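Peer 1: Below is a structure I'd like to ask you about.
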Amino acid sequence: MDEFVSASEVPSSTEIIRARCLNRKVVKADNSVEWLPKHTTVIMLSSTGESGKSTFIKQMRIIHGSGYSDDDKRGFIKLVYQNIFMAMQSMIRAMDLLKIQYGNPSNVEKAELISSIDFESVTTFESPYVEAIKALWADSGIQECYDRRREYQLTDSAKYYLQEIDRVAAPNYLPTEQDILRVRVPTTGIIEYPFDLEEIRFSYLSDLERIEKADYLPTEQDILRARQPTTGILEYPFDLDGIIFRMVDVGGQRSERRKWIHCFENVTSIIFLVALSEYDQILFESENENRMEESKALFKTIITYPWFQHSSVILFLNKKDLLEEKIMYSHLVDYFPEYDGPQRDASTAREFILRMFVDLNPDAEKIIYSHFTCATDTENIRFVFAAVKDTILQSNLKEYNLV
């Protein structure tokens, strides 16, 4: 027997979309009946690196998923430890790079102790290392180095974890949701190959005559030497008020875009994250490129691709808390000379950054929906995503000509 959603007036957007997802019929105000085929709302999540995308996904699990059990939280303990070692090692390296002296000369030995550890192998947090990191964090030289963090690569969570080191080092430590939201899976950003890439490239060129043959079959050596491209696509389905959302997380690196950008012809909405605090930072991959310029380039690529012309675009201007802190000493005009607003004014600065991204939209009829966010603030994300859900539902209604 068919299921119906009846209404004395036009059904609400939520009722209609839920009906679509459940493959029901809708009885409209004029008593006409329309089949609503089963529909999954696809959200594409994109950004450049370090914009808070993984934090946002964790928030979706906390707010709309199963959250994190104590067993889940225990799985993050070693990652928190590794984040602390990774942050301190980054600052120790930067001390040499920036020619900063330790305030206490005895801390040089402590720095050597911490630097000797492979942070990716850390699973415990023993007393000698705890005391060494605490002493280093209190050092005036390290504090100066932290203040100059835009000049090198340092995770945004460094200060948070180093200020919480006594709690984290306790024997019965269990990560909080905030600890989990701020954790970063450590990676050096470097893939090491135990062979010469030039040798591999030319080994193929020297075999072109064999490879070009119609009956060519790769040898084991060909296979061993081949590198298989990866799209870097991850999917996170979740149920929100009876509506199935499929959140697709895609890589933002320039080299990866061509591998995934053609895969999404039916994306309902695009959520693009920008780190407001990256206006004065450089790329990990290139010390000559500004992170925000790279973010602008990716955003323009996405909104101008034909596959996304019917997708709503939602811009998350993230890390507003870090912008408010940074803008007091790092002036926006030094990196974007066209900025003519007051210095040390976070509100004016973020509106300027928003306008830079909105102005990249060549379609005057296409609305760019925007929200200022702090991805580590659960209540902020809960509030913002409620508004995003309404935007997405309205996009569905327009798609099916119901508004």
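The values are calculated or read from the model by the stated rules, or taken from the named source; none is laboratory data. Keep in mind that this is a model prediction, so the values were computed, not measured. Cβ atoms come from the backbone with ideal geometry, glycine included; neighbour counts cover every protein chain shown.
Peer 1: Could you go through segment 107-125 and let me know if any residue there is of a type in the set (Ser, Thr, Tyr), within 20 Å of residue 283 (Cα to Cα) and either at pLDDT 90 or above or out of contact with any Leu (no Cβ under 6 Å at 6 or more places or on another chain) (or both). Spell out how you get there, then give the answer.
Peer 2: Let us first name the residues in segment 107-125 that are of a type in the set (Ser, Thr, Tyr), namely 115-116, 121, 123-124.
Next, from what is left, pick out any that are within 20 Å of residue 283 (Cα to Cα): none.
Within segment 107-125, not a single residue is of a type in the set (Ser, Thr, Tyr), within 20 Å of residue 283 (Cα to Cα) and either at pLDDT 90 or above or out of contact with any Leu (no Cβ under 6 Å at 6 or more places or on another chain) (or both).
Peer 1: Still on this structure, I have one more. Would you call residue 278 in a helix (DSSP H, G or I) and in contact with a Lys or Arg (Cβ under 9 Å, 6 or more places away or on another chain)? Quick ask: steps written out before the conclusion?
Peer 2: Working: in a helix (DSSP H, G or I): yes; in contact with a Lys or Arg (Cβ under 9 Å, 6 or more places away or on another chain): yes.
Judged against the criteria, residue 278 is a match.
Peer 1: Scan segment 166-175 for residues that are surrounded by 15 or more Cβ atoms within 10 Å (Cβ to Cβ) and in a loop (DSSP other than H, G, I, E, B) and jot them down.
Peer 2: Of everything in segment 166-175, those that are surrounded by 15 or more Cβ atoms within 10 Å (Cβ to Cβ) and in a loop (DSSP other than H, G, I, E, B) turn out to be 169, 173, 175.
Peer 1: Which one of the conditions (1) within 18 Å of residue 182 (Cα to Cα); (2) of a type in the set (A, V, I, L, M, F, W, C); (3) in contact with a strand residue (DSSP E or B) (Cβ under 8 Å, 6 or more places away or on another chain); (4) surrounded by 21 or more Cβ atoms within 10 Å (Cβ to Cβ) does residue 44 fail to meet, given that it meets all the rest?
Peer 2: The failed condition is (1).
Peer 1: Output yes when any residue across segment 74-93 is free of Cβ contacts under 8 Å to residues at least 12 places away in the same chain and assigned to a helix (DSSP H, G or I), and no when none is.
Peer 2: Checked segment 74-93: no residue is free of Cβ contacts under 8 Å to residues at least 12 places away in the same chain and assigned to a helix (DSSP H, G or I).
This table checks each residue for (1) modelled with pLDDT of 85 or more; (2) over 20 Å from residue 362 (Cβ atoms); (3) over 16 Å from the mean Cα position of the chain (by Cα).
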{"position": "242", "(1), (2), (3)": "no, yes, yes"}
{"position": "247", "(1), (2), (3)": "no, yes, no"}
{"position": "251", "(1), (2), (3)": "no, yes, no"}
{"position": "258", "(1), (2), (3)": "no, yes, yes"}
{"position": "263", "(1), (2), (3)": "no, yes, yes"}
{"position": "276", "(1), (2), (3)": "yes, yes, no"}
{"position": "282", "(1), (2), (3)": "no, yes, yes"}
{"position": "286", "(1), (2), (3)": "no, yes, yes"}
{"position": "296", "(1), (2), (3)": "yes, no, no"}
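Peer 1: Ok, one more. When you scan segment 103-157 for helices (runs of 4 or more DSSP H) that lie fully inside it, which ones turn up with 1 or more residues that are of a type outside the set (Gly, Ala, Ser) and more than 13 Å from residue 92 (Cα to Cα)?
Peer 2: Once the helices (runs of 4 or more DSSP H) in segment 103-157 are filtered for at least 1 residues that are of a type outside the set (Gly, Ala, Ser) and more than 13 Å from residue 92 (Cα to Cα), what remains is 127-138, 140-147.
Peer 1: Now for a different question. Tell me, which residue of segment 98-156 that is free of Cβ contacts under 8 Å to residues at least 12 places away in the same chain and aliphatic (A, V, I, L, M) is surrounded by the fewest Cβ atoms within 10 Å (Cβ to Cβ)?
Peer 2: So the residue we want is 138.
Peer 1: I'd like the residue in segment 310-355 that is among the aliphatic types (A, V, I, L, M) and part of a loop (DSSP other than H, G, I, E, B) and, out of all such residues, is farthest from the chain's Cα centre (by Cα). Don't jump to the end; show me each part of the working.
Peer 2: So the first thing to find is which residues in segment 310-355 are among the aliphatic types (A, V, I, L, M), and the list is 313-315, 317, 322-323, 327-328, 332-333, 346, 349, 353-354.
Within this subset, residues satisfying the condition of being part of a loop (DSSP other than H, G, I, E, B) are 327-328.
Details: 327: 22, 328: 25 Å.
Only one residue tops the list, namely 328.
Peer 1: Among 308, 336, which is the only one that is more than 24 Å from residue 58 (Cβ to Cβ), surrounded by 15 or more Cβ atoms within 10 Å (Cβ to Cβ) and at pLDDT below 95?
Peer 2: 308
Peer 1: Sticking with this structure for a sec: From the list 347, 370, which residue is over 20 Å from residue 267 (Cα atoms) and either surrounded by fewer than 20 Cβ atoms within 10 Å (Cβ to Cβ) or of a type outside the set (D, E, K, R) (or both)? It would help to see each step written out before you state the result.
Peer 2: On the way: 370 fails: over 20 Å from residue 267 (Cα atoms).
Exactly one of 347, 370 is over 20 Å from residue 267 (Cα atoms) and either surrounded by fewer than 20 Cβ atoms within 10 Å (Cβ to Cβ) or of a type outside the set (D, E, K, R) (or both), namely 347.
Peer 1: Would you be able to say whether some residue in segment 26-42 is modelled with pLDDT under 85 and part of a helix (DSSP H, G or I)? Step through it out loud before you land on a result.
Peer 2: Quick first cut of segment 26-42, residues modelled with pLDDT under 85 only: 26-42.
Cutting the leftovers down to part of a helix (DSSP H, G or I) gives us none.
Looking for residues that are modelled with pLDDT under 85 and part of a helix (DSSP H, G or I), one finds none in segment 26-42, hence no.
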